[in-house]
Amino acid sequence: MLGSYLFYIKSLSCLDNCEIGSHSYNHVRLNTISNEKIFFELSESKKIIEYMIGNKISGISYPHGSYNQY
């Protein structure tokens, strides 16, 4: 099943009008966890996605829309 998702994700990442970004590793509310856990959630997700698509990413969509100003 992951193989079919990987095909679509890679295909989308090649489009000029589509941006693939991070969404966290465990889909937790980032404004409820420590900075260390936030770093893990975002860096681990970014690392996996970049490996999957073979390109760097810079965007993020906050899980649950939750964030704080720090």
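Just checking, does the stretch 46-57 include any residue being buried (at least 16 other Cβ atoms within 10 Å of the Cβ) and on the phi > 0 side of the Ramachandran plot? Checking the stretch 46-57: not a single residue is buried (at least 16 other Cβ atoms within 10 Å of the Cβ) and on the phi > 0 side of the Ramachandran plot.
If the condition is being of a type in the set (G, A, S), in a loop (DSSP other than H, G, I, E, B) and in contact with an Asp or Glu (Cβ under 9 Å, 6 or more places away or on another chain), then the stretch 17-70 contributes S24, S58, G59.
Taken together, the values in this text are just the output of simple stated rules run on the coordinates, not laboratory data. Please read all numbers here as calculations on a predicted model, not as lab measurements. So basically every Cβ, Gly included, is an ideal-geometry build from the backbone, and we count neighbours across all protein chains shown.
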